[in-house]
Structure formats: C-alpha cells, structure tokens
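What follows is a set of notes on a single structure, which appears directly below.
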Amino acid sequence: MEKRELIAQLQRKVALCDDMTAYRGLYDLLHQELFLFSYSIIKSREVAEEIVSDVFIKLWRIRNELLAIGNLTVFLYTIAKNLSINHITRNYKYPKVSLDSIEVENVANFDNGEELFITAELARRIQKAIDTLPPQCKIIFQLVRESGLKHKEVAAILNISELTVRNQLVIAVKKIAASAQLSIPPVRNRTLPPTA
Amino acid sequence: MDNEKMWQLLILKLSGEASGEELAELELLLRQHPDLAQQAASVESIWKSKGAPAPADTDHLFNRHLQRLSDGTADNTPFQPIPDVRRRTSGTQRIFFIAASLAAAAVIAIVLFNALSVSGNLPNPATPAVSGNSVSTKNGSKSKLQLPDGTQVWLNSGSNISYENDFGSASRQVRLIGEAFFDVVKDPSRPFVIHTATIDIKVLGTAFNVRSYPEEKITETALIRGAVEITLKASTDKKIVLKPNEKLVVSNDSSWLSKDSAHAVNVPKKPAVMTLTQVHHLDKDSIATEMLWTKNKLVFDGETLSEVALKLERWYGVKVIIIGDELKNIEYTGVFSDDNLTEVLYALQLSGNFKYVIRRNEVIIRP
C-alpha cells in the first residue's frame, strides 16, 4: 500500500478506536523523517528526538479530533517545525523568526548506488554544494528528496507557494549539477560545455 | 531560454509530480539539447543515489517516547505559543497541562498494562489495589484489545470488560457491560465464559458479538462462526446453543421467566422475552450488521428513534433529548461510515420529519 494511504488508514484507526498499534504504526512510518527535519533546524540529536516525541504526544492527545485533519503528514511536520523554531528562538528577544534566518543543517544522504556513479569525492562535492544553499532552499530540497513530500505539502508546511518550492528546488539542483560537472565520468564528458 | 524550462520539468520529474505531457516535453527538450541531457542525466543519478535509510531501533525509541508521554515531561516547554510566552503561561494553562498529562498517563498505563499482561511478563501488576484487569471505553470512543490468551476483543463505546488476574489459568472468564465483538482463540481445555447481567455465554473458539447495555431492554448475542452456549442467569437450567449466523435476543427484564414457555412472542413494538433469529445482512455477501460497528460503521437496523438516540449518545459522546413521544417510535434503517454527527442527523432528519439542534454536547430533536 502506498505510504500516504497507509498513514490515512492508521490515522482513522487512532481517531476512532484509540488504537495503540495504529499509533505505533504512525510513529514507525514518520518519526525518522520528522527527526531529520527537526534535526536540520535544531542541530542537536537529543533535542530533535524530544521534539519528535512531543509531536507524537500531541498527536495522541488530540487523537479524537484527527478525522478533521486532511493531511496528517503536513500537520505533524507543521507541529515539528513550530516546536523546532520555538526551541531555538526561546531565548531570543524577538522570538518570531522565519526558517530562512536559521542556519540549517545538511542531512542529505548520497550513497554509492549500485552503479557506483557517486564516488566519495563526488559525494563530498555535492554535500559541499548543498551546504552553501540558503537555509530554506536546503530544507525544501531535503523534504522533497529525502522525505518524498509533494510540493504542495512542502508549501503548506513552510507556508510558501508551490511555485517557490519548485524554484528553490531548481536552484538546489543547479548547484548540485555544477558541483558534479567536474567529476562526471570521462566516457560521456565529450558533450559537456566547458563551464556551467 | 529553454534552459530554465528544462530545470523546471526535471524537478517535476524527480519529485514524481510530472504529468505525462510534461515528461514528454522534457524528453523532447533533452533530445534537442544533448548538453542539457548530460547535465540532466547526472543530476538524476545524484538525486536517486539515496542510501537505504538505516533501520532505526524503533522499539527502543518508541518505548522512550511512551515513557515521556506518561511522565508528562514534555509539558515543561514546547507546547507554548511563540509570542508572549512568559506572560500567559501561569495558572489555568499549567493546570490544563497537568490534567492533560495525567489523562495521558492513565491511558498509557492501561495500554502498557495490557501489553505487559499479554506477554505474561508481569506477574504482579503495579496497581495492587485492583484485583483484576478492567478496560472501559467512554461514550464517543471505541477500543480494541487482546486478552492474555490472544483472544481479540473490540469494545464498543460506553462499555467495560474486566477479568481476574488468574484469567487463563484454568478457565477464561470475563465480565462484560455494554457491547463487544469477540474473536476467541480456540482452547477446549480452558472454556471461555462471558458474564453479562442477564446471560452467561460459554464459548469454545469462535467469533460473535455481544450487546448488553444496562440502559437497553435486551441482551443480544450474534454468532458469526463457531458455537456458543448461552445460559440465562434467571433460570440456569435453560441452555441455548447457537449455530453460526443465529442471534439470540433476551429481555433484560427477567420477570417473564416465572411464567410459561420462553419462545418468541410476536408482539410488534414490544421486545420479545427471548427470540432466536438470524444474524442480519443488509445485502448478500456483506458482513453481519451486528458486527459492522467493529468496522467503524454506525448501523440502525429498523431501530426506533429512542434506540437511535441511545446509539448516538454512545457513538459520539453526546446527550440526545427527544421532545415529543410520537417521534420516539419511528423506525430508522441506515449505515453510516465515518460520518460526523451532523451528517448523520441530517440524513435521519430527511426521512424522519423532525428538526434538530446541536448545542455543544447536546442534541435536541423535536417535531
């Protein structure tokens, strides 16, 4: 079954039957990606883990109202975002801070796939390129690529337009393409223009 | 320049959001521009080169999470609104947090308690004051639990099931108030017995629904498969064995037993003292109406508005008041899946010539 469908089904079970097994199912499906999301903002594993736990506590508390929530994934991400921002701005004088003014940790994961396209050197270069992306751009890239969220969902979570999501992704991907260009396997190198 | 267009289309493709047309357009574009095709190909490989996520130890994490959920430790900071945090956090809000966390703790305690007794790791539960185990559902919520022997129980709203700590040692006995659907694990050496106010049901291994709400006039046992033996509390010599798809309806008022025979009394509108009927299917191949509630379907099967009102009260956790006696005996039939209270009332009202008002947790039905 598709993940979204599964989430919707578990959501209903938790809402109608206080079903602890379904609750656990939701936790298993979503805690890791929520953790990465929170961690990229918080940059502390302990705190990010606490925040994810708080998100699920909230979920349990309002379980009887869950049927009213159209997209649970977006809902949980939004709570995670708010808790994370709250956490780092708690000691600020003016706590209203947008994601873009917070330094975001890079949690993208590039692995030597089966084709061994990604050498260690290339992976390092890509990571470096991602590190230089603006915070919001980094977050968007991670939400779409690492967590497989839809543009619409990312837009809802970050409170921006879908067009912005897409444009930010283009920026990210162009940067990555540029960083990769120097090390593309030589066989196909002929057709490349000299510079980006 | 088409360059930008290519990136936009590529992003849609990589995110899995491109339409067929967009994919075709991208392909065409890349065929026309081999240099772009090269870049696109490498970006695509990079995008897709995700290592499999490391399987996390979710048991450990989840248990720690449950601990926090029951401790209420999470309440110290995170749930407060961003602005004006300091000024508004005192007094009532904190009390609310404490209350909420206590409630959560209670829920978790019950759940954990069950989980532990299922696995048999807890010979002496942490709450010695209680000599057994009891699970209740409030109006408006349902629950599913597993007994120590593996038997599955779906507990409908406003119900309670309890069993002693020695459950399963020699026999399996539970006490039920309200409605539950049982899927009993077969074990001939340890008979499974359900005690209700009016009847006892002895089971070998089977699935069936029992409905025995104190505020209702009847106790109903609907057998889906297997066999059960029912004993009437008021006259223990009467034993009725149900076959699959049979349903026994017994009046909760036992005064009739002193009279003569105990068979179907066909006076409409008055519940028969004891009736053996068939489990009801709304249409062929559908599951029995008696167990539809376990699938989250709210069913009225030729039920009067007073009966409907009782069901609504339990299902949605509201109070329903009917003004006007003539309304009370109008019968309704219908199945509602996942509808909210307003939707159900609206549908009923279409066929019922009544008006309704919902005020907080109260529904008033009037002509």
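The values are calculated or read from the model by the stated rules, or taken from the named source; none is laboratory data. Everything numeric here is computed off the predicted structure, so don't read it as measured data. FYI the Cβ positions are ideal-geometry reconstructions off the backbone, even for glycines, and counts take in every protein chain you see.
Brief remarks on what is shown
- Scanning the range B:33-91 for residues that are facing chain A (nearest Cβ under 7 Å), modelled with pLDDT under 70 and in a helix (DSSP H, G or I) yields one hit, B:ALA74.
- Residues in the range B:197-222 that are under 20 Å from B:THR289 (Cβ atoms) and among the β-branched types (Val, Ile, Thr): 6 in all.
- Leading residue by the ranking (nearest to the chain's Cα centre (by Cα)) among those in the range B:175-216 that are more than 18 Å from B:VAL241 (Cα to Cα) and of a type in the set (A, V, I, L, M): B:ALA180
- For the range B:141-153, the criterion of being in a loop (DSSP other than H, G, I, E, B), outside the structural domain of B:ASN340 (by TED's automatic domain parsing), crowded, with 16+ Cβ neighbours inside 10 Å and among the basic types (Lys, Arg) is met by at least one residue.
- For the range B:319-335, the criterion of a residue being in contact with a helix residue (DSSP H, G or I) (Cβ under 8 Å, 6 or more places away or on another chain), surrounded by 18 or more Cβ atoms within 10 Å (Cβ to Cβ) and under 18 Å from B:PRO214 (Cα atoms) is satisfied by at least one position.
- Remark: pairs (first residue in the range B:303-318, closer than 18 Å to B:ARG366 by Cα; second residue small (Gly, Ala, Ser); Cβ separation under 8 Å; 6+ apart in sequence or on different chains) = B:LEU305/B:GLY352; B:GLU313/B:GLY158; B:VAL318/B:GLY140.
- Filter pass, A:GLN11 being within 20 Å of B:SER157 (Cβ to Cβ) and polar (S, T, N, Q): yes
- Verdict on B:ILE365 being away from chain A (no Cβ under 14 Å) and crowded, with 18+ Cβ neighbours inside 10 Å: yes
- Taking every residue in the range A:70-92 that is more than 10 Å from chain B (Cβ to nearest Cβ) and pairing it with any residue that is crowded, with 19+ Cβ neighbours inside 10 Å and polar (S, T, N, Q), at least 6 positions away or on another chain, the pairs with Cβ-Cβ distances below 9 Å are A:LEU72/A:GLN11; A:ALA80/A:SER38; A:LYS81/A:SER38.
- Listed here are the strands (runs of 3 or more DSSP E) enclosed by the range B:175-243 that have at least 2 residues being touching a helix residue (DSSP H, G or I) at 6+ places or on another chain (Cβ under 7 Å) and in the same structural domain as B:LEU145 (by TED's automatic domain parsing): B:218-225.
- Under the condition of being touching a residue at least 12 places away in the same chain (Cβ under 8 Å) and either hydroxyl-bearing (Ser, Thr, Tyr) or touching a Pro at 6+ places or on another chain (Cβ under 6 Å) (or both), the residues counted in the range B:170-201 number 3.
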